[in-house]
Amino acid sequence: MNTKALIAEKIAGEITLSANPGATIRKWRMTFNVGQSELAKHLGVAQSVVSDYESGRRKSPGIHSVKKIVEALISIDEKQHGGQILLQFQSLIKPQEGIIDILEYPVPIPAERIVKEIKGTVVTKEKASLDRLIKGYTLIDGIETIKTLTSASYPALYGWSTERALIFTRIQFGRSPMIAIRIHPVKPSMVVYHNPGGVDPLAVQLADRENIPLVVTTMPLEELRRKLQHLGT
């Protein structure tokens, strides 16, 4: 199966399995920078049909309709954007070495809720506010990533949105991840250290300067992963 087919399968699966299919359709339509009228025209339906699906006024579309919606989004991207959106998504199909798990949430999750669910402790100052939404997360093996990460592969950590939590495990004091984040122009919405040996004061200072909440959790890794995945259901 080629990359385009894999991406289409992933999107269709996310819509079909979502507790709120309409919101998930809307998320993907906006991700592909496609207007309701444009999508409706491509599907051969009235704009109100797309609007009703997204708002939940119309019964969730069946598998056949979902397939047509996904194919329409991909077709529009290829014809009007040169496939640029698809290209950005290849990191989820062929993830960067060191990425343990990567997920996009159908609906953005308040950062405060994520901290609560993973029993996290915020170590940055109050100015690094939790008043923000998280659109996904990337769970990262800190040791493997440090070995293999390059400036070209760094964007792969961000999946399909930079408004996400980067979660580092297998780190000692967490200085290296925050230095990497500090020097790169692309920033996450939140950084989480999983069971670190300690937290270097420099890491906290860098997070404060970037206004990025830095959170520490000691939750067992598999439980942490399940909690993060469950937030997206």
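The values are calculated or read from the model by the stated rules, or taken from the named source; none is laboratory data. Please read all numbers here as calculations on a predicted model, not as lab measurements. Reconstructed Cβ throughout: ideal geometry from the backbone, glycine too, with neighbour counts over all protein chains shown.
Taking the condition among the hydrophobic types (A, V, I, L, M, F, W, C), assigned by TED's automatic domain parsing to the domain that holds Glu104 and farther than 26 Å from Thr24 by Cα, does Ile179 pass? Break it down stepwise before answering.
Details: among the hydrophobic types (A, V, I, L, M, F, W, C): yes; assigned by TED's automatic domain parsing to the domain that holds Glu104: yes; farther than 26 Å from Thr24 by Cα: yes.
In short, yes.
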Quiz item: If you go through segment 68-75 one residue at a time, do you hit one that is modelled with pLDDT of 90 or more, over 30 Å from Lys147 (Cβ atoms), more than 22 Å from the chain's Cα centre (by Cα) and among the charged types (D, E, K, R)?
Solution: yes
Quiz item: Which of the residues belonging to segment 53-67 are surrounded by 15 or more Cβ atoms within 10 Å (Cβ to Cβ) and of a type outside the set (S, T, N, Q)?
Solution: Tyr53, Glu54, Pro61, Val66, Lys67
Quiz prompt | Residue match in segment 190-202 (condition: assigned by TED's automatic domain parsing to the domain that holds Val115, closer than 30 Å to Pro21 by Cβ and not basic (Lys, Arg)) | solution = yes
Quiz prompt | Listing of helices (runs of 4 or more DSSP H) fully contained in segment 1-44 that carry 2 or more residues being under 26 Å from His230 (Cα atoms) | solution = 3-17, 21-31
Quiz item: Right, Ile76: β-branched (Val, Ile, Thr) and out of contact with any His (no Cβ under 8 Å at 6 or more places or on another chain) or not?
Solution: no
Quiz item: So how many residues does segment 183-233 have that are surrounded by 13 or more Cβ atoms within 10 Å (Cβ to Cβ), within 20 Å of the chain's Cα centre (by Cα) and polar (S, T, N, Q)?
Solution: 4
